[in-house]
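Asks: Handing you this structure, nothing more for now.
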Amino acid sequence: MKFAFTDKKVTLPKYVHAYAEKKVGKLERYFPTEPEASVVFGVEKDRNQVEVTVRAGGTILRASESTSDMLASIDAAVADMERQLRKNKARLEKRLRKDAFVRSAEPEGVTSFVPEEPEEEFTIVRTKRFPMKPMRVEEAILQMNLVGHTFFAFRNEDADGAFAVVYKRRNGGYGLIEDEG
């Protein structure tokens, strides 16, 4: 697994990166190709935050945890990712390695598998249709705020009418999702 570490507002000792590499590396068994992991460490209001993003093929897995201890945050994020994989295992079987969910003893003894959770149905409860007119990003943010939503889909005038989404971020500010193609 390839790793990229980012330390925001904090300088961590090497053993924390090594610990994260060891724990996140256990997720490699789920993927048929070599995944890439991005681990972002941060400290905010005396909370140790860890954000882990794993990319393999077309699958992106992300978890973010915040605790009073950096190592506990790493453990919680990895457990959360395993929970996500187990919860959606039937849907992900085509993208993951065939024996990804076969239990096996790890060298340390006990596996860190999270108990099975029943898979929930994806149920569409409402469908909305509306014309998406081309507009600038600033106008889309204004429209989003006017309707009181946390996101707004539109055609980006600055990108030749490509589909885009603006959204409110938890920490304030706005985000923009654009199509690469």
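Asks: Specify the residue that is modelled with the lowest pLDDT; the eligible residues are those in the range 151-180 that are open to solvent by less than 100 Å² (accessible area, probe 1.4 Å) and out of contact with any strand residue (DSSP E or B) (no Cβ under 7 Å at 6 or more places or on another chain).
Replies: Out of the qualifying residues, it is Gly172.
Asks: Additional query: Among the residues of the range 47-55, is any at pLDDT 90 or above and closer than 30 Å to Gly161 by Cα?
Replies: yes
Asks: A further question on this structure: With respect to Arg103, is the statement that it is at pLDDT 80 or above and surrounded by fewer than 16 Cβ atoms within 10 Å (Cβ to Cβ) true?
Replies: Values: at pLDDT 80 or above: no; surrounded by fewer than 16 Cβ atoms within 10 Å (Cβ to Cβ): yes.
Judged against the criteria, Arg103 is not a match.
Asks: Kindly establish whether Leu61 is in contact with a strand residue (DSSP E or B) (Cβ under 8 Å, 6 or more places away or on another chain), modelled with pLDDT under 90 and open to solvent by less than 10 Å² (accessible area, probe 1.4 Å).
Replies: Values: in contact with a strand residue (DSSP E or B) (Cβ under 8 Å, 6 or more places away or on another chain): yes; modelled with pLDDT under 90: yes; open to solvent by less than 10 Å² (accessible area, probe 1.4 Å): no.
No; evaluated as a whole, the condition is false for this residue.
Asks: Are there any pairs with C-beta distances below 7 angstrom linking a residue in the range 146-175 that is among the acidic types (Asp, Glu) to a residue that is open to solvent by 80 Å² or more (accessible area, probe 1.4 Å) and at pLDDT 90 or above, with the two at least 6 apart or on different chains, and if so which?
Replies: From residues that are among the acidic types (Asp, Glu), the pairs are Glu157/Arg136; Asp158/Arg136.
Asks: May I pose another question? With respect to Val114, determine if the residue is at pLDDT 85 or above and in contact with a helix residue (DSSP H, G or I) (Cβ under 7 Å, 6 or more places away or on another chain). If you could, list the steps in order and put the result at the bottom.
Replies: Numbers: at pLDDT 85 or above: no; in contact with a helix residue (DSSP H, G or I) (Cβ under 7 Å, 6 or more places away or on another chain): yes.
No: the conditions fail for Val114.
Asks: Would you mind finding the one in Lys9, Lys45 that is open to solvent by 20 Å² or more (accessible area, probe 1.4 Å), without any contact (Cβ under 8 Å) to a residue 12 or more places away in the chain and out of contact with any helix residue (DSSP H, G or I) (no Cβ under 9 Å at 6 or more places or on another chain)?
Replies: On the way: Lys9 fails: without any contact (Cβ under 8 Å) to a residue 12 or more places away in the chain.
Answer to the selection: Lys45.
The values are calculated or read from the model by the stated rules, or taken from the named source; none is laboratory data. No experiment lies behind these values; they were computed from the predicted model shown. All Cβ positions, glycine included, derive from the backbone under ideal geometry; neighbour counts span all protein chains shown. These area figures cover heavy atoms from the full protein model, side chains too; ligands, DNA and RNA do not enter into them. Shrake-Rupley method; radii C 1.70, N 1.55, O 1.52, S 1.80 Å.
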